[in-house]
1. For the range 400-445, how many residues meet the condition of being outside any loop (DSSP other than H, G, I, E, B) and touching an Asp or Glu at 6+ places or on another chain (Cβ under 9 Å)?
2. In the range 84-109, what residues are away from the ligand (no atom under 11 Å from the Cβ), over 12 Å from Gly284 (Cα atoms) and touching a residue at least 24 places away in the same chain (Cβ under 8 Å)?
3. Of everything in the range 110-121 that's within 17 Å of Ala319 (Cβ to Cβ) and buried (at least 21 other Cβ atoms within 10 Å of the Cβ), which residue is farthest from the ligand (Cβ to nearest atom)?
4. Just for the range 193-222: of the residues that are touching a Pro at 6+ places or on another chain (Cβ under 6 Å) and among the aliphatic types (A, V, I, L, M), which one is modelled with the lowest pLDDT?
5. Of all residues in the range 288-299, count the ones that are out of contact with any Ser or Thr (no Cβ under 7 Å at 6 or more places or on another chain) and either of a type in the set (Gly, Ala, Ser) or crowded, with 19+ Cβ neighbours inside 10 Å (or both).
6. Would you confirm whether or not the range 374-383 contains a residue that is part of a loop (DSSP other than H, G, I, E, B), surrounded by 18 or more Cβ atoms within 10 Å (Cβ to Cβ) and touching a residue at least 60 places away in the same chain (Cβ under 8 Å)?
7. Out of the range 417-442, which residues are crowded, with 20+ Cβ neighbours inside 10 Å and farther than 12 Å from His398 by Cβ?
8. Name the residue, out of Val121, Val112, Val139, Val184, that is closer than 28 Å to His407 by Cα and in contact (Cβ under 8 Å) with a residue 60 or more places away in the chain.
Amino acid sequence: MNASESHHPTAGPVQPEPDQDKAAREAEAGSFFRYMAEYVGFTPADAALIRQTQPILAKYLPEIVGDFYTHLLRYPLTRRLFLLPDGTLNEAYLTLRMRHLSNFWLRTAEGVYDDAYAGYVDYVGRAHTSRGADPTIYVPERYVIGQVGMIQHAISRAVSNELRDQDDELEFRAVEAWDKLMMVLLEMLARAYGHEREPEADGAPVPVDADWVHALADQAITLEHGAAEHGAAPAQPPRRVAVATAGEIPDGQRKIVAVDGLSIGVFHHQGEWVALRNSCVHQGGPVATGALAGEVLTCPWHGYQYDLRSGRCLTDPHAELDRYAVTVAGDTVFVDVPRGGPVAAIQAQDAPAALQSNEFRAADLAAGQMLPLTVDGRSILVYNVGGTFYATDETCTHAQGPLSIGHLDGKVITCLLHGSCFDVTTGAVVCAPATQPLKTYPVTLDGDIGRVTIA
Ligand code: HEM
C-alpha cells in the first residue's frame, strides 16, 4: 500500500447546507422510502417487530460491527480509508466510524421511519460518495452493497439465535421484517451513487487481526452507548466528576478535560456552563478547541459548525455532539459523564477533591494513554510511557495539529493531520514534515497525584 493512497483529514472549510434544503431533502427521501417500503411489502407491523428486536441487535452489535470492520480492513480498496500516512491503521478514526455505524443500526432498530430517518439514511448514502460533506471520501458502491448483505445475514442469525427456542413464529416474522427493511435501505444507500462510477480495481486481501478489531468495536460501542445497550447491565446514572475549579475557567474561556477515555470541552459562556464531547461527528476532530463566534463553534479540521448550547451540528443537521450536564458547587466544576467507558481507571467517587490545573490522577492514565491539561492557558499533553509520565505541548510544531487525538505508539506520538512524529520523552522530531521539536515539561508524582511544572 502506497502511503499517499491513505486517507487523512484535509484542511478547508465545508459550506453548511441551508435548512430549507434539509426539509426538502427529508421530504423527498421520506417519499422515496415509503414508495420502496410499499414495493417490498414493509408494513407498520414490520416496523413494530423491528422495534421489538432492538435489544437483540444491541446485544450483538459489537460482534456485528467487529465483523464489518474486519472485512473492510481485509480489502485494500476499503482498508486505505482507515490508514495513517505511515500505512498503519488509524485506530482513532476506526473507533469513530464504529461509533457512527453503531448509532446507525440502533436508530434503525428504533422502528421509526419518518422523513427525518429517511433523510438521515439519504445523508449516510451520500457520505460514501463524492456528494457527501467530504468530497475526498469515495466508497465504491459494490462495497456498500456487500456490507448491507453481510449485516442482513448477521441480524438474521442474531434474531434466530435469540428467538428460535422461545417463539419460532415471532422469529420468522422478525427475520422477514428485517429482510424487507434491508431491501429498502440497500436502495436508499445505492441511489446516492446516481451515475457515479468508479474504475474496476482489485487487490489481494490482506491478513487482519480480527480479535483486535473486535476488541476495538467492543470498546467503541461501550464508550458510545454504555454497557446497558449492549444488553448486559441495566442503565446506570452518570457519574459526577470534578474537572476544574471555577476560577480556572473564567467567562469566555474553556477547558479540555479527559474522563474515562472521553475528551470533553467545558465552556463557560455568557454566564452559563456547557460541556460537549470533543470529537467532531465528521472525522473526530478536536471540535472543542475550535473558534467560537457567538454561539457557533467551528471544528478546526474541516470547518464543521455546531450550536454551542445544544450541540446541534449546523453543517449536518442529522448529527449533534454529546452534551454532559455541568454543576458548579462552591469553586468546583463537575461534569456528569456516562458510566461504562473503556477506561475504568478513575475509581467511582461522588465528589473527588478538585485537582489543580497542572495536576492529574496517575490512575486516570494507564500505560500507552495520554491526557490533555490546560495549564496557565497553555495546552499540555501528558503521556504514560511504560509507567513513566512525560508532558509536552499539545500542538504539533508543524501545522498546530492537536496531538491529543494523535496516535501514541511507545514513546512516539504521531500527529493525525500530516503525520509528523515526535519522541515524547525528549520532544525530538522523529519524522517530517515537522522540523521543530516539541517543548517538554517535567512531571513529578506525589502519591497518586501527578504534577506538571511549567517553568
Ligand atoms: C451497510 C453499509 C454501510 C452503512 C450502514 C454505513 C454507515 C455509515 C454511517 C452511519 C456513516 C456516518 C455518516 C456521518 O455521520 O458522518 C458512514 C460514513 C462513512 N462510511 Fe459507511 N456505511 C456502510 C458501508 C461502508 C463501506 C463499505 C465503507 C468502506 C470503506 C464505508 C466507509 C465509510 C467512511 C469512510 C465514512 C466517512 C464519510 C465522511 O466522513 O464523509 N462505509 N457510514
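1. Result for the range 400-445: 13.
2. The answer is Leu84, Pro85, Asp86, Gly87, Thr88, Ala109.
3. Ala118
4. Filtering first and then ranking leaves Ile221.
5. Count: 7.
6. No, the range 374-383 contains no residue that is part of a loop (DSSP other than H, G, I, E, B), surrounded by 18 or more Cβ atoms within 10 Å (Cβ to Cβ) and touching a residue at least 60 places away in the same chain (Cβ under 8 Å).
7. Val424, Tyr441
8. Every option except Val139 fails the conditions.
The values are calculated or read from the model by the stated rules, or taken from the named source; none is laboratory data. The structure displayed is predicted, hence computed values, not measured ones. Every residue, glycine among them, receives a Cβ derived from its backbone with ideal geometry; neighbour counts consider all protein chains shown.
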